[in-house]
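Here is the structure we will look at.
The values are calculated or read from the model by the stated rules, or taken from the named source; none is laboratory data. None of the values given here were measured: they were computed from a predicted structure. Cβ placement follows ideal geometry from the backbone for every residue including glycine, while neighbour counts extend to all protein chains displayed. Ligands, DNA and RNA are stripped out before the accessible areas are found, and what is left, the full protein with its side chains, is counted by its heavy atoms. Shrake-Rupley method; radii C 1.70, N 1.55, O 1.52, S 1.80 Å.
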Amino acid sequence: DEIIDRMPMAFGKWVALAPSQIRLQQMLSFIRRHYSEPIALGDIAGAANISQSEATRCFKKNLDVTPFNYLIQYRLEVAKTMLQSSELSITEIAMQCGFESVSYFDRVFRKYYWLTPKEFRGSIDLYN
């Protein structure tokens, strides 16, 4: 692979990044900046100026997830932090994290964490 960028690493060493790694970083950065907005696969791919199929291949190869699954997981991690650290309602958290409905947020949250957002928040209160 052609080396087109370098990224500083620990102990003053530099690690060369391949083009596919740079594209992945561009897409991840896009997701992190725009997770609260409606995002389509084309938007993620567009952040790295590649096709949707290439974006999917890049995520699968490097992270073993699809771009959409990464987006959902990122939104859930942000939501989990908000449930722990804020007093916003579950509806407000769902909307701020880019979920189109509270019922979808509830279903996906339960799938990943085995608890509803309300149950998760309640479990935090038990230990505080």
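Looking only at the stretch 96-108, filter to residues that are more than 16 Å from the chain's Cα centre (by Cα) and not acidic (Asp, Glu); which one of those is surrounded by the most Cβ atoms within 10 Å (Cβ to Cβ)? Ranking the qualifying residues of the stretch 96-108, first place goes to Val102.
Out of Ser20, Ser53, one residue alone is surrounded by fewer than 13 Cβ atoms within 10 Å (Cβ to Cβ) and in a helix (DSSP H, G or I). It is Ser53. Of everything listed in (1) surrounded by 14 or more Cβ atoms within 10 Å (Cβ to Cβ); (2) under 17 Å from the mean Cα position of the chain (by Cα); (3) part of a helix (DSSP H, G or I), the single unmet condition for Lys111 is (1).
Contact annotation: residue pairs with Cβ atoms under 9 Å, 6 or more positions apart or on different chains, pairing a residue in the stretch 32-49 that is polar (S, T, N, Q) with a partner that is open to solvent by 70 Å² or more (accessible area, probe 1.4 Å) and not in a loop (DSSP other than H, G, I, E, B), are Ser36/Met95; Ser36/Gln96; Asn49/Gln26.
Residue selection: Gly122 satisfies the criterion of being out of contact with any Leu (no Cβ under 6 Å at 6 or more places or on another chain), open to solvent by less than 40 Å² (accessible area, probe 1.4 Å) and modelled with pLDDT under 95. Under the condition of being in a helix (DSSP H, G or I) and open to solvent by 40 Å² or more (accessible area, probe 1.4 Å), the residues counted in the stretch 71-89 number 7. Just wondering, is there one or more residues in the stretch 57-69 that are assigned to a helix (DSSP H, G or I), open to solvent by less than 60 Å² (accessible area, probe 1.4 Å) and charged (D, E, K, R)? No, there is no match, as no residue in the stretch 57-69 is assigned to a helix (DSSP H, G or I), open to solvent by less than 60 Å² (accessible area, probe 1.4 Å) and charged (D, E, K, R).
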